[in-house]
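Heads up: the structure comes next, in structure tokens.
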Amino acid sequence: MASHLLSYLQRPRQNGYIFETVPGRLEYIASRFPDKEAYVFLSPGKPRVSITGAELLEKSRAIATGLVRRGIKRGDVVAVSQPNNIDGLLCIFGVIASGATLLNLVFRRPDGSDVRAIMEKAGNCSALIIHVGHNNATLKACLRFIDAISDNGKVVSKSFPTIHTLVVSSNCNIDGQKFDTLTELMNEQRSGSSLPSLDPDDTALLFETSGSTGKPKLVVHSHRTMLMCGIHLQDSMGYKSHDVVYNERKMQWILGFPFQYLLNGVTTVTTEYRFESLKEQCLFAFSTMQQEKCNIACLLPITLHGLAHIVLENESNFILDNIHTGGSPVATICLAVLGILTKKVTICYGSSEAGFLTSKTVSNISEYADYSSGFPHQGVEVKIIGTNGNIVERGHDGEIYARTPAMYKGYLHEFEKTKKSLNESGWFKTDDVGHITTEGELVAHGRMSELILCGSAKVLPVKLEKIIRNHPDVYDVVVIPIPDPIKFQVACACIIFKPNAEKGTDDVQKFCESSEPDIAVNEYSNVILQYLPQHYLRFLEFPRTNTGKINKLELVQEAAKRLNIDM
């Protein structure tokens with residue numbers, strides 16, 4: 001068999017890679033663009049807030065120095081829970097510059113039990129820097145595992161003996177207790193304190209995986225691999241220093257991390273506001289991009305879908321140069337923004353572990369097929385592996401493997417899970433299903449772990465979702481597995497209908513049953529009539545993880561509850 005017919009892609013290195021630290025890169029960009037706005041923060045009902053490159057460098061260094069003065073050492077873990085605001089941005093760079101490893105936290109439960117689990121997994125957490133939250137809810141959750149705070153601000157915790165520092169973002173008072181603030185940390189006398197010398201291969205931060213189908217893991221990245229992720233993002237988008245980017249993602253996660261600023265000094269516009277509905281979120285994004293004269297946007301596929309309707313309703317002439325999207329398989333319907341909101345859309349495929357692997361830029365919707373993920377970035381290799389462990393022929397589905405210079409260092413304190421996902425040759429098992437076309441393009445359908453085991457078949461949800469999305473009243477759909485006593489699992493279609501939709505779930509079911517079935521060409525795409533969804537449920541919105549992805553675990557639990565099925 002000729003090698004060119006096998007499912008393997010690679011792109012050689014074309015440019016030199018950056019071998020620097022994150023603080024070193026921040027200093028370089030600040031020297032080039034000291035007075036240029038680095039970030040702009042906007043929220044409904046609040047004034048516009050921005051920070052320049054020089055201010056970002058100075059204030060993040062002040063945080064780093066304050067942490068060193070409080071005993072933070074190179075290699076310690078500093079946990080941060082901050083929204084998309086200036087404090088959050090400063091903490092990202094301040095913690096990393098102190099030599100500590102940055103761990104971003106999101107408090108979802110009032111008792112803080114979810115955060116406790118992540119901190120226990122992280123191990124040697126020495127400090128907490130938190131936004132107090134609405135009515136001090138986040139701070140109160142923290143105090144559940146902090147036993148005492150001394151007059152000099154030292155923290156005592158029986159649950160986490162290594163923690164000695166707690167810093168809050170604003171003044172607050174709980175039962176007369178005073179808490180150190182971020183402002184006080186930055187304004188302390190800094191004489192006699194120096195920041196540590198760092199190496200590009202030092203650990204810089206821990207990304208929490210989305211946990212959309214189970215418990216999240218902590219992904220370890222060094223300064224070097226983080227900057228390599230930025231190089232690959234630059235590879236796909238070609239950012240220039242004059243660009244103004246609207247990014248709806250959280251800065252603390254890989255899709256929202258300040259890569260564009262570190263690589264090119266790009267101005268980023270973002271928000272900390274949590275919107276009540278997708279329509280409200282899209283309206284805000286649309287008005288903000290116009291107000292700030294953005295020429296590029298980084299948006300989730302579902303936001304693109306919603307924005308197409310907003311633009312048509314407003315009859316605007318505003319148009320972007322490009323929109324960057326990814327994070328989940330991108331259906332053709334999400335590219336309806338082409339020509340009415342943007343000249344181009346760049347679809348990017350990757351993960352927290354491996355960074356940005358492939359991309360495809362589309363200027364005409366006719367050029368795009370569902371879930372196309374494009375071609376490798378420089379230095380990246382991709383192959384498709386079948387169930388027998390061998391590379392499959394092109395056009396056949398299997399599991400996507402990748403090898404990249406931006407590869408993570410492993411899952412923190414989880415050697416066995418790291419060993420299962422990252423082999424000795426440096427190939428990462430993505431857990432994603434896909435194929436490589438005869439033209440050499442990657443197509444990523446979905447996740448191996450989300451395959452529905454229906455009788456003797458392995459049903460890929462994305463194939464069913466593609467059928468259902470063709471129904472004229474369906475706005476969005478997610479197909480999930482539900483336990484079944486005979487078939488083991490059956491498919492359940494969770495559907496969000498368009499506003500003023502005339503039809504309901506019964507009509508969608510009839511539509512599916514009358515559709516042309518996608519006959520199997522291999523074991524991962526068995527979609528025939530008996531494997532169509534057995535259940536159809538209406539949703540107003542889908543639960544989401546802190547990274548913006550649909551929380552499949554919560555969705556399955558809610559669906560099972562409605563169907564009165566024991567999990």
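The values are calculated or read from the model by the stated rules, or taken from the named source; none is laboratory data. These figures come from a predicted structure and were not determined experimentally. Virtual Cβ from ideal backbone geometry, glycine too; neighbours counted across all protein chains shown.
Side notes on the structure shown:
- Note on segment 341-373: residues that are more than 23 Å from Ile550 (Cα to Cα), at pLDDT below 95 and touching a helix residue (DSSP H, G or I) at 6+ places or on another chain (Cβ under 8 Å) total 2.
- The lone exception for Leu128 - which of (1) touching a Cys at 6+ places or on another chain (Cβ under 8 Å); (2) on the phi < 0 side of the Ramachandran plot; (3) assigned to a helix (DSSP H, G or I) it fails: (3)
- Residue ID - modelled with the highest pLDDT, chosen from residues in segment 521-567 that are more than 22 Å from Thr209 (Cβ to Cβ) and of a type in the set (Asp, Glu): Glu541
- Scanning segment 334-357 for residues that are in a helix (DSSP H, G or I) and either within 21 Å of the chain's Cα centre (by Cα) or more than 19 Å from Asp370 (Cα to Cα) (or both) yields Cys334, Leu335.
- Segment 221-241: number of residues that are part of a helix (DSSP H, G or I) and either within 24 Å of Cys294 (Cα to Cα) or not charged (D, E, K, R) (or both): 14
- Being assigned by TED's automatic domain parsing to the domain that holds Pro83 and either among the aliphatic types (A, V, I, L, M) or within 26 Å of Phe356 (Cβ to Cβ) (or both) is not true of Ile29.
- Search result, residues across segment 142-165 that are out of contact with any helix residue (DSSP H, G or I) (no Cβ under 7 Å at 6 or more places or on another chain) and either crowded, with 16+ Cβ neighbours inside 10 Å or not assigned by TED's automatic domain parsing to the domain that holds Asn85 (or both): Cys142, Leu143, Ile146, Ile149, Gly153, Val155, Ser157, Ile163, His164, Thr165
- Any chance Thr418 is of a type in the set (S, T, N, Q), surrounded by fewer than 23 Cβ atoms within 10 Å (Cβ to Cβ), assigned to a strand (DSSP E or B) and at pLDDT 90 or above: no
- Residue that is farthest from Leu56 (Cα to Cα) [pool: residues in segment 95-114 that are among the small types (Gly, Ala, Ser) and modelled with pLDDT under 90]: Ser113
- The residue that is surrounded by the fewest Cβ atoms within 10 Å (Cβ to Cβ), counting only those in segment 47-69 that are among the charged types (D, E, K, R) and in contact (Cβ under 8 Å) with a residue 60 or more places away in the chain, is Arg69.
- Subset of segment 371-388 that is among the small types (Gly, Ala, Ser) and within 20 Å of Pro329 (Cα to Cα) - its residue that is nearest to the chain's Cα centre (by Cα): Ser373
- Only listed residue being of a type in the set (Val, Ile, Thr), at pLDDT 95 or above and out of contact with any strand residue (DSSP E or B) (no Cβ under 7 Å at 6 or more places or on another chain), chosen from Ile29, Ile92: Ile29
- The listed residue being more than 21 Å from Val22 (Cβ to Cβ) and of a type in the set (A, V, I, L, M), out of Leu278, Leu255, Leu262, Leu227: Leu278
- Among the conditions (1) out of contact with any helix residue (DSSP H, G or I) (no Cβ under 9 Å at 6 or more places or on another chain); (2) modelled with pLDDT of 90 or more, the only one that Phe511 does not satisfy is (1).
- Checking the stated criteria, Arg447 turns out to be of a type in the set (Lys, Arg), under 21 Å from the mean Cα position of the chain (by Cα) and on the phi < 0 side of the Ramachandran plot.
Each row is one residue, and each column tells you yes or no for (1) surrounded by fewer than 19 Cβ atoms within 10 Å (Cβ to Cβ); (2) not small (Gly, Ala, Ser).
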position: Phe356; (1), (2): no, yes
position: Asp370; (1), (2): yes, yes
position: His377; (1), (2): no, yes
position: Gly395; (1), (2): yes, no
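- Qualifying residue in segment 441-455 (condition: closer than 25 Å to Val380 by Cα and in a helix (DSSP H, G or I)): yes
- Selected residue (criterion: farthest from Asp202 (Cα to Cα)) from residues of segment 390-415 that are part of a loop (DSSP other than H, G, I, E, B) and among the hydrophobic types (A, V, I, L, M, F, W, C): Val392
- Considering residues of segment 240-297 that are among the charged types (D, E, K, R) and within 24 Å of Gly230 (Cα to Cα) only, the residue surrounded by the fewest Cβ atoms within 10 Å (Cβ to Cβ): Lys293
- Residues in segment 112-125 that are assigned to a helix (DSSP H, G or I) and either in contact with a strand residue (DSSP E or B) (Cβ under 8 Å, 6 or more places away or on another chain) or under 24 Å from Asp201 (Cα atoms) (or both): Val115, Ile118, Met119, Lys121, Ala122.
Quick grid of which residues meet (1) in contact (Cβ under 8 Å) with a residue 12 or more places away in the chain; (2) more than 16 Å from Arg69 (Cα to Cα); (3) not acidic (Asp, Glu):
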| site | (1), (2), (3) |
| --- | --- |
| Asn104 | yes, yes, yes |
| Ala122 | yes, yes, yes |
| Asn171 | no, yes, yes |
| Asp180 | yes, no, no |
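- Any hit, segment 424-438, residues being of a type in the set (S, T, N, Q), in the same structural domain as Leu300 (by TED's automatic domain parsing), in contact with a strand residue (DSSP E or B) (Cβ under 9 Å, 6 or more places away or on another chain) and in a strand (DSSP E or B): yes
- Residue in segment 73-90 that is surrounded by 20 or more Cβ atoms within 10 Å (Cβ to Cβ), free of Cβ contacts under 8 Å to residues at least 40 places away in the same chain, in contact with a Ser or Thr (Cβ under 9 Å, 6 or more places away or on another chain) and closer than 28 Å to Lys215 by Cβ present: no
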